[in-house]
Structure formats: structure tokens, C-alpha cells
Ligand SMILES: Cc1cc2nc3c(=O)[nH]c(=O)nc-3n(C[C@H](O)[C@H](O)[C@H](O)COP(=O)(O)O)c2cc1C
């Protein structure tokens, strides 16, 4: 697959089939993850794949509780004044929570000595891009680490005294729908040159991949 196609179309893919992800695809996903950069090449990461129905059943209620706390708290005003696009994102996030146990595979990414997150999220994104290249959808989630970190670590048997922190959980599955280009505010609205607020010097009115003549 063209690298730009993967970059532009790797969306949060939350509507997926229950079909299992083959082992060779799982290998490719994790092998791509460990190719990512980390500060000082320290590779202070661990990756835990989860496909146990019993463990998913224990984590699902925690995930749903965390999302409910987020939606009833910090996100409440945003949900109330969301436009159609915003409402779709919240409905999609709720869908993931409601179907947590139905995702055939999850990746739990752990890191230590990484206050910025800069040494784990490149690896997570590599994993998501590799999944995309194999036709597998993924969604990065932070709910369990934010609201139920201790219990999640206990359920997954993570040693308590070694400093491991849950960076995120990624769900995987073959999409029920189609891949599309991620809609975003255009480059020239969010980028500057030399001084804050100064124009970057070009505009990008349409995504540069997928709109070639
Ligand atoms: C740091 C981070 C945390 C996220 N946490 C969650 C989450 O807890 N639950 C969820 O459903 N999606 C989560 N997402 C996915 C975002 O909602 C998604 O990337 C965003 O809406 C853009 O979606 P799109 O690429 O499909 O346009 C997270 C994404 C990032 C980068």
C-alpha cells in the first residue's frame, strides 16, 4: 500500500466484524510497532495483545463506566452543543464502549519513564498503520488508563512495582464499512511560519492525497 494512502485513511475504525485477526497479521502489527522511535532508543515499552473473551468481559464494564464519566463530565457541554460531525464522533465512541467485548483483538501499550508520551505513541501509530496496510481497522482509546488504570493493570497481571503505565488500548477488527480520508481543519488554519499567527505561506484547500487529477 502507498504510504500516503495509509497516512490519510487510517481513521478511528470502531465498527468492525468479530472475525479473528490472523496470527501473521498480529505479528506484522507488533513488529511494525517495535520499529518506531523512542527517546534515546530506550524502548521502554511493552505490548500486550488481548483476545481472551473472559478478560474482555471483565474490562468492558470498566470501559463503559469510564466513558460514562467522561460524557457526563468534561465532555457534557461539548456533546450538548455538538454539530452533526461532532455527534457522529460521540456516537461512534459510544458504539465502541457498547461493543467492547466484540472486538476480536486489542493491544494494550505500556510505557515507563515517558512523561510526554512521545516514546510510546509513535509505536502505537506504527501498529495502527501496519494494521491498515493489512485491511484491519483500529481505534486508539485512553479511557481505561484514565479512569480505571489500577484495576486494568491488575486484571492484566502487570507487575505493580516496576513503573509500567498504561498508555492506551487499541481495538482492532476488519471494518464493516469503507475507508475514507480523515476530515480535518486545513493546514493553513492551524500552522504558522516564524511567528505565532503569521501565515505559513501556502494553503491546502483539499487533502493532497486522494484528490490528484
Ligand atoms: C490520545 C487519544 C486518545 C483517544 N481516546 C479515545 C477513547 O478513549 N475512545 C475512543 O473511542 N476514541 C478515542 N480516540 C480516537 C479519537 O476520537 C479519534 O482519533 C478522532 O475522533 C479522529 O477520528 P478519525 O481519525 O476517524 O477522524 C483517541 C485518540 C487519541 C489520539
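Looking at the range 69-91, I want the residues that are closer than 22 Å to residue 148 by Cα and have a partner that is at pLDDT 90 or above and more than 11 Å from the ligand (Cβ to nearest atom) with Cβ atoms under 6 Å, at least 6 apart or on another chain. Which pairs are those?
These pairs meet every condition: 90/79.
Answer yes if at least one residue in the range 198-205 is surrounded by 15 or more Cβ atoms within 10 Å (Cβ to Cβ), at pLDDT 95 or above and in contact with a helix residue (DSSP H, G or I) (Cβ under 7 Å, 6 or more places away or on another chain), and no otherwise.
We begin by selecting, within the range 198-205, every residue surrounded by 15 or more Cβ atoms within 10 Å (Cβ to Cβ); these are none.
So far as the range 198-205 goes, no, none of its residues is surrounded by 15 or more Cβ atoms within 10 Å (Cβ to Cβ), at pLDDT 95 or above and in contact with a helix residue (DSSP H, G or I) (Cβ under 7 Å, 6 or more places away or on another chain).
For the range 1-34, what are the residues that are closer than 26 Å to residue 90 by Cα, away from the ligand (no atom under 16 Å from the Cβ) and touching a helix residue (DSSP H, G or I) at 6+ places or on another chain (Cβ under 6 Å)?
18
Given the structure, is residue 137 within 12 Å of the ligand (Cβ to nearest atom), in contact with a helix residue (DSSP H, G or I) (Cβ under 8 Å, 6 or more places away or on another chain) and modelled with pLDDT under 95?
Numbers: within 12 Å of the ligand (Cβ to nearest atom): yes; in contact with a helix residue (DSSP H, G or I) (Cβ under 8 Å, 6 or more places away or on another chain): yes; modelled with pLDDT under 95: no.
No; evaluated as a whole, the condition is false for this residue.
Specify which of the listed residues (117, 137) is under 29 Å from residue 72 (Cβ atoms) and crowded, with 22+ Cβ neighbours inside 10 Å. Spell out how you get there, then give the answer.
On the way: 117 fails: crowded, with 22+ Cβ neighbours inside 10 Å.
Step by step, each of 117, 137 is checked, and only 137 is under 29 Å from residue 72 (Cβ atoms) and crowded, with 22+ Cβ neighbours inside 10 Å.
Just one of the numbered conditions (1) away from the ligand (no atom under 12 Å from the Cβ); (2) under 22 Å from residue 157 (Cβ atoms); (3) in contact (Cβ under 8 Å) with a residue 24 or more places away in the chain is not true of residue 37; which one?
(2)
I need every pair where a residue in the range 2-24 that is closer than 18 Å to residue 186 by Cα has its Cβ under 9 Å from the Cβ of a residue that is in a loop (DSSP other than H, G, I, E, B) and more than 16 Å from the ligand (Cβ to nearest atom), sequence separation at least 6 or different chains.
Pairs found: 4/208; 8/208.
Would you pick out the residues in the range 76-101 that are modelled with pLDDT of 95 or more and more than 14 Å from the ligand (Cβ to nearest atom)?
Answer for the range 76-101, where residues must be modelled with pLDDT of 95 or more and more than 14 Å from the ligand (Cβ to nearest atom): just 101.
Can you pull out every residue in the range 148-191 that is closer than 20 Å to residue 58 by Cβ, in a loop (DSSP other than H, G, I, E, B) and away from the ligand (no atom under 13 Å from the Cβ)?
156, 157, 158, 159, 160, 164 - these are the residues of the range 148-191 that are closer than 20 Å to residue 58 by Cβ, in a loop (DSSP other than H, G, I, E, B) and away from the ligand (no atom under 13 Å from the Cβ).
Among the listed residues 64, 112, 27, identify the single one that is closer than 24 Å to residue 159 by Cβ, in the same structural domain as residue 14 (by TED's automatic domain parsing) and surrounded by fewer than 17 Cβ atoms within 10 Å (Cβ to Cβ). If you could, list the steps in order and put the result at the bottom.
On the way: 64 fails: closer than 24 Å to residue 159 by Cβ; 27 fails: closer than 24 Å to residue 159 by Cβ.
The match here is 112.
Only one of these conditions is not met by residue 182: (1) in contact with a helix residue (DSSP H, G or I) (Cβ under 8 Å, 6 or more places away or on another chain); (2) buried (at least 18 other Cβ atoms within 10 Å of the Cβ). Which number is it?
Tallying (1) in contact with a helix residue (DSSP H, G or I) (Cβ under 8 Å, 6 or more places away or on another chain); (2) buried (at least 18 other Cβ atoms within 10 Å of the Cβ), residue 182 fails exactly one: (2).
Being within 14 Å of the ligand (Cβ to nearest atom) and over 22 Å from residue 21 (Cβ atoms) is the filter here, so list the residues in the range 115-134 that pass it.
116, 117, 118
The values are calculated or read from the model by the stated rules, or taken from the named source; none is laboratory data. Fair warning: this is a prediction, and the values are worked out from it, not measured in the lab. Cβ coordinates were reconstructed from backbone atoms using ideal geometry, including for glycine residues, and neighbour counts include every protein chain displayed.
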